[in-house]
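See below for the structure under consideration.
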Amino acid sequence: MAILWAQHPHWERRMTINAGRLFTAALLACLLASSGLAQAGPLIRLGSDDWCPFVCSTDGKPPSGYLVELASMAMAQEGYRVEPVLMPLNRAITQTVHGDIEGVYAPPIDRRLHLSAPLAQSRACFYTRADDDWSFHSIGSLKTLVVGVIDDYGYDDGPMDAYIAENRRKPALIALAYGASAGTTNVQKLLGGRYRVMLEHAAVMAQLSKRLDVAGRIRQAGCLDHELPLTIGFATQDIRAETWIRALADGMHKMEASGDLKALQKRYKID
């Protein structure tokens, strides 16, 4: 080794400089990490509208809610960051398909979307004004009245969704509400006498009626037989979709094992 150093008098100086550069780079990386400027992992943006307790928007803060927190916590277990984006559901589906965002919370069945395993189940029910005596017995009991629903929402992935799809262009049977405040619009129209019956998920209506202070003016008039599985949807054409769905499932298994999943369900009163 002594002969080598003698033949190359500049090596020692070069190694000293390189070691200094490596130390500086390592120090900079530590500073970036401690300051929060380093990237924590690949970003996944998921969109939907205000649909509390599953997706909730309050006072201009970033969206929260059961699905939002569950997706963020599960994906974090696998090294991903999730950014919730508030927008109408139909726009979230369109932007997911076009690649503007990565996915959508609680979409309906759509051939353009690759859906995760269910993260929760939600039962939809019919609501009338408190002084109305109408009750839901079957799809046949809907064929003489207008039902208020939200465009592009799924309600049971079954007979009711098929009925809405078949009659969505018949205003004598289906009244469609649009936009980020569609649920509020439906409640206001119901109480204003625009139609006699509206359809909403029970957990969502509990939140809506409390927020609008109208719980005493609305009655539940029967529920659908089948619950709606709530999933996360990614674009079918996105080659990363399978990886994300696998990561979501793996993260949920870890949350279940640690007790975090049960604690989250308890906090949001989700079965």
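Against the numbered list (1) buried (at least 21 other Cβ atoms within 10 Å of the Cβ); (2) over 24 Å from the mean Cα position of the chain (by Cα), residue 167 comes up short only at (1). Scanning region 243-253 for residues that are open to solvent by less than 20 Å² (accessible area, probe 1.4 Å), β-branched (Val, Ile, Thr) and within 19 Å of the chain's Cα centre (by Cα) turns up nothing.
Just one of 161, 131 is out of contact with any strand residue (DSSP E or B) (no Cβ under 8 Å at 6 or more places or on another chain), in a helix (DSSP H, G or I), of a type in the set (Asp, Glu) and at pLDDT 95 or above; which is it?
Details: 131 fails: in a helix (DSSP H, G or I).
Only one candidate qualifies: 161.
Selection of region 173-207 for residues being of a type in the set (Gly, Ala, Ser), touching a Leu at 6+ places or on another chain (Cβ under 9 Å) and farther than 30 Å from residue 271 by Cα yields an empty set.
Given the options 230, 212, name the one that is modelled with pLDDT of 95 or more and open to solvent by less than 40 Å² (accessible area, probe 1.4 Å). Steps first, please.
On the way: 212 fails: open to solvent by less than 40 Å² (accessible area, probe 1.4 Å).
Exactly one of 230, 212 is modelled with pLDDT of 95 or more and open to solvent by less than 40 Å² (accessible area, probe 1.4 Å), namely 230.
Cβ-Cβ contacts under 8 Å between residues 6 or more apart (or on different chains), taken from a first residue in region 131-157 that is closer than 22 Å to residue 88 by Cβ and small (Gly, Ala, Ser) to a second residue that is open to solvent by 20 Å² or more (accessible area, probe 1.4 Å) and outside any loop (DSSP other than H, G, I, E, B), are listed as 148/175; 148/189; 154/161.
Being more than 25 Å from the chain's Cα centre (by Cα) and either open to solvent by 10 Å² or more (accessible area, probe 1.4 Å) or at pLDDT below 95 (or both) is the filter; apply it to region 170-187 and report the residue that is farthest from residue 47 (Cα to Cα). Let's see the steps before the verdict.
Narrowing region 170-187 to residues more than 25 Å from the chain's Cα centre (by Cα): 170-174.
Next, from what is left, pick out any that are either open to solvent by 10 Å² or more (accessible area, probe 1.4 Å) or at pLDDT below 95 (or both): 170-173.
Numbers: 170: 29, 171: 29, 172: 32, 173: 29 Å.
Residue satisfying both the conditions and the ranking: 172.
If you take the residues in region 188-209 that are touching an Asp or Glu at 6+ places or on another chain (Cβ under 9 Å) and not β-branched (Val, Ile, Thr), which one is modelled with the highest pLDDT? Within region 188-209, the match that is modelled with the highest pLDDT is 196. All but one of (1) touching a residue at least 12 places away in the same chain (Cβ under 8 Å); (2) over 23 Å from residue 197 (Cα atoms); (3) open to solvent by 30 Å² or more (accessible area, probe 1.4 Å); (4) in a helix (DSSP H, G or I) hold for residue 94; which doesn't? Evaluating residue 94 over (1) touching a residue at least 12 places away in the same chain (Cβ under 8 Å); (2) over 23 Å from residue 197 (Cα atoms); (3) open to solvent by 30 Å² or more (accessible area, probe 1.4 Å); (4) in a helix (DSSP H, G or I) leaves (1) as the failure.
Screening 19, 29, 33, 76 for residues that are open to solvent by 10 Å² or more (accessible area, probe 1.4 Å), modelled with pLDDT of 95 or more, more than 22 Å from residue 226 (Cα to Cα) and out of contact with any strand residue (DSSP E or B) (no Cβ under 7 Å at 6 or more places or on another chain) leaves exactly one candidate, 76.
Quick check: is even one residue across region 53-75 in a strand (DSSP E or B), small (Gly, Ala, Ser) and free of Cβ contacts under 8 Å to residues at least 60 places away in the same chain? Yes, region 53-75 contains a residue that is in a strand (DSSP E or B), small (Gly, Ala, Ser) and free of Cβ contacts under 8 Å to residues at least 60 places away in the same chain. Let me spell it out: the conditions are (1) in contact with an Asp or Glu (Cβ under 9 Å, 6 or more places away or on another chain); (2) under 30 Å from residue 236 (Cβ atoms), and residue 127 meets all of them except one. Which number is the exception? Failing condition for residue 127: (2).
The values are calculated or read from the model by the stated rules, or taken from the named source; none is laboratory data. These figures come from a predicted structure and were not determined experimentally. Cβ coordinates were reconstructed from backbone atoms using ideal geometry, including for glycine residues, and neighbour counts include every protein chain displayed. Note: accessible area is taken over every heavy atom of the protein model, side chains too, but ligands, DNA and RNA are not part of it. Shrake-Rupley method; radii C 1.70, N 1.55, O 1.52, S 1.80 Å.
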